[in-house]
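The values are calculated or read from the model by the stated rules, or taken from the named source; none is laboratory data. What you are looking at is a predicted structure, and each value in this text was computed from that prediction instead of being measured. All Cβ positions, glycine included, derive from the backbone under ideal geometry; neighbour counts span all protein chains shown. We work out accessible area using only protein heavy atoms, side chains counted, and drop any ligands, DNA or RNA first. Shrake-Rupley method; radii C 1.70, N 1.55, O 1.52, S 1.80 Å.
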Amino acid sequence: MPHRPAFRFAPSPNGELHLGHALSALVTWERARAAGGRFLLRIEDIDQGRCRPRYIARIIEDLAWLGLRWEEPVLRQSEHLTVYRSALARLEAMGVLYPCFATRREIAAALAASRGPRLDPDGAPLYPGLHKGLPPEEVRRRMAAGASYALRLDMTRAAALARELAGGKLAFTELAEDRTAQRIDCEPERWGDVVLARKDVAGSYHLCVVVDDARQGVTHVTRGRDLYAQTDIHRVLQPLLGLPEPLYHHHRLITDASGRKLAKSARDTSLRALREAGVTAADVRRRVGLLA
Ligand code: GLU
């Protein structure tokens, strides 16, 4: 098939996979199968401070136990740092990145002083813009002194430029549960100046996800509803980096008894714990609502 659709499951190895991940992997797998598409696995281990190699082995075990098969080789982000660095260099050359040396404490103090800062769609205060427009010699001085920093996207400039490159408007196509398509307008400015890398982390989730989806030829991004609003950030980066726009499907989330999204720390729903307790892969499908 010439342009075979490609789907991916992209977990971060920073804890045990749980029922929420099982739903995500299974929905992605089923959609890939229905489309006659490829199913890829990507290990999002760019943040080495939070990821642990032992969880990679567990991810592989859990997914195989669920009955999933993926193409080899599996892409591991930590093995491709130069790819993210060159994407950052491209954004830097476009003038849409700036280094921010502010500590957490400085940011908190600036937010406290601003009284009633605007909140992003996840409820976090927008970054107050410290160190935006720092003179280049000051940037060089601080970097030479070994200061820690985050590289932030100047969202106002980046979104304006991305809109220009995309023909005036930024939007994405969401495929609903029943596979009908809807065009969703983006408002990336509501996220403010997001972090795209840190001195010791080669790329943020936002940067790496768009770069990797493109280089793996992913045509269909299937992931949880919790990442729906963040897609606006990805739609800014794609035109700036000259990357194609995939289709999106943000599936329902599994919640616990109190209505909260499952967390990696919730041991009782980890796939490993369930497997060890004698639960079968078919039971998991039933529990996440994919089998009657
Ligand atoms: N690594 C991300 C997570 O575990 C996946 C993000 C995505 O599918 O785009 O939440």
Straight-line reach check, LYS261, cutoff 18 Å on alpha carbons, 8 or more apart in-chain or any other chain, hits among aspartates and glutamates -> GLU16, ASP122, ASP226
On the formula 1/(1 + (r/R0)^6), with r taken between the Cβ atoms of ASP226 and ALA144 and R0 of 35 Å, the FRET efficiency rounded to 0.05 is 0.30
Taking Lys and Arg as +1 and Asp and Glu as -1, residues besides ASP120 with C-beta under 15 Å from its C-beta add up to -3
Sparse-neighbourhood loop hits (GluC sites (Glu not before Pro), segment 157-200; DSSP loop; Cβ within 10 Å at most 14 others) -> GLU177
Distance in nm between ASP178 and ASP283 label points, each 7 Å along Cα→Cβ, equals 3.5 nm
Ranking MET94, PHE172, ALA64 by how far each Cα lies towards the positive end of the charge dipole of the chain (+1 on Lys and Arg Cβ, -1 on Asp and Glu Cβ), the top one is ALA64
Toy charge model, Lys and Arg Cβ at +1, Asp and Glu Cβ at -1: segment 59-198 dipole around Cα centroid in debye, rounded to 20, equals 720 debye
Cα-based Rg/(2.2 N^0.38 Å) for segment 1-115, rounded to two decimals, is 1.42
Answer in debye to the nearest 20: the dipole magnitude of segment 147-284 about its Cα centre, from +1 Lys/Arg and -1 Asp/Glu charges placed on Cβ, is 240 debye
Across 10 Å bins beginning at 0, the whole-percent shares of Cα-Cα pair distances in the chain come to 6, 25, 33, 24, 10, 2, 0
With all protein chains present, segment 128-242 has a carbon and sulfur share of its accessible area (1.4 Å probe) in percent of 50 percent
Projected area averaged over all directions for the convex hull of the alpha carbon atoms of segment 20-81, nm², comes out at 4.7 nm²
On the accessible surface of segment 38-82, probed at 1.4 Å with all protein chains in place, carbon and sulfur together account for a percent value of 50 percent
Over the chain, with neighbouring protein chains present, the accessible area per residue in Å² at probe 1.4 Å is 50 Å²
If the chain between ARG260 and ALA112 were fully extended at 0.36 nm per residue, the gain over the current Cα-Cα distance would be 50.5 nm
At R0 = 35 Å the Cβ-Cβ FRET efficiency linking ILE60 and GLU137, nearest 0.05, sits at 0.10
